[in-house]
Amino acid sequence: MQEPEHLPPRPGSIAAILPAAGSGRRFGSHHNKLFALLAGKPLWYHAAFRLRRCSLVGRMVMPVAAADRPFFEGEFAALVSELEVELVEGGEQRTDSVAAGLRQLSGDESIRLVAVHDAARPLVGDADLQSVFAVASQTGAAILAAPVAGTIKRVIGQSDCQTVDRRDLWTALTPQVFRPDLLKLAYEKHRGRPATDDAELVERIGHSVSIVKGSANNLKITLPEDLLLAEAILSQQADHA
C-alpha cells in the first residue's frame, strides 16, 4: 500500500535510474564517454556514488548499451558490485532507456519515488539531492534546475535579434524525481513523441513539475573540456571537505 504523499520518504524508498546507453560522439571518443576517468574512476561511478551515499536511495538501475555491457560486467564489475547497481539493456533513445529502467522496477511496492539522473552528471551535491527529494515527496514531481545566468538572445528573421527576459528561465538539471505512478503513466502516454526530458513527459499528462534550485556545479559532461572543469570542481570540493 502506497504511503501518503505528504510523508517524507523512508531510507531506501527512492529508486534511481541512470541512463547510460549513450555514445561518445560529441565527446570525441570511440567508446562511451561514461568510461572517461575522473579522479581515477569512470564518470558513471561518480554519478552513481553520489546517489548511493544518500540513505534515501535504495535500488539503483543503470540501462546500458548492449555493446557496453561486457565492460560493465568485466572491467567495471567490482565497481558495479560495490554500488549495488542493477544493469539492464538500454535503448537507442534516452526515453527507451528510462522505460527499460521502469520495467526493471515494476512491481516493487516499496518504492516511493523514482529519481532519473544523468550518468554523465558526476557532481550532484548532497544538499541538492535532499532538497529535490523533499519537494518531490510533497508534490509528486520535482526537478533540480539552475537559473539562466547569461544574456539570452532570440533570433528574428535572418539576422536580427531580441533580448529575452531571463528572470523566469531555468536550465533543467537532474535528478528529476517523480512518483512511480506518474512517471509510468507519462511513459505509457509517450508514444514516441520527442521530449527533451522526463519532466516534459509528466507535464504532458497534466501534472505540474516543481523547480528546486540546484547548483550549477551539477554539470553534464558532454565535451572533453567539461571533464577538465569537473576535475577542478571535484578538487575544490575535496579541499573544503
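The values are calculated or read from the model by the stated rules, or taken from the named source; none is laboratory data. What you see is a predicted model, and the numbers here were worked out from it, not measured in a lab. Virtual Cβ from ideal backbone geometry, glycine too; neighbours counted across all protein chains shown. In case anyone asks, the SASA skips ligands and DNA or RNA and just uses the protein heavy atoms, side chains included. Shrake-Rupley method; radii C 1.70, N 1.55, O 1.52, S 1.80 Å.
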Exercise. Can you name the number of the only condition in (1) open to solvent by less than 70 Å² (accessible area, probe 1.4 Å); (2) at negative phi that Gly140 fails?
Worked result: (2)
Problem set entry | Filtered residues of segment 65-94 (kept if touching a Pro at 6+ places or on another chain (Cβ under 7 Å), among the hydrophobic types (A, V, I, L, M, F, W, C) and farther than 14 Å from Pro42 by Cα) | Val88
Seminar exercise, completed: Checked segment 109-124 for anything open to solvent by 20 Å² or more (accessible area, probe 1.4 Å) and either under 20 Å from Ala199 (Cα atoms) or in contact with a Gly (Cβ under 9 Å, 6 or more places away or on another chain) (or both); matches are Ser110, Ile111, Arg121
Problem set entry | In segment 182-205, residue farthest from Arg50 (Cα to Cα) [restricted to those that are of a type outside the set (A, V, I, L, M) and open to solvent by less than 70 Å² (accessible area, probe 1.4 Å)] | Gly192
Exercise. How do the pairs read when you match residues in segment 123-141 that are over 19 Å from Leu38 (Cβ atoms) with residues anywhere that are of a type in the set (Ser, Thr, Tyr) and in a strand (DSSP E or B), using Cβ under 6 Å and keeping only pairs 6 or more apart or on different chains?
Worked result: Val135/Ser210; Thr139/Ser210
Problem set entry | Positions within segment 206-228 being in a loop (DSSP other than H, G, I, E, B) and open to solvent by 50 Å² or more (accessible area, probe 1.4 Å), in sequence order | Gly206, Ser208, Ala216, Asn217, Lys220, Leu223
Problem set entry | Positions within segment 169-181 being open to solvent by 20 Å² or more (accessible area, probe 1.4 Å), of a type in the set (A, V, I, L, M, F, W, C) and not in a loop (DSSP other than H, G, I, E, B), in sequence order | Trp170, Ala172
Exercise. If you go through segment 115-159, how many residues are closer than 15 Å to Pro180 by Cα, of a type in the set (Gly, Ala, Ser) and outside any strand (DSSP E or B)?
Worked result: 3
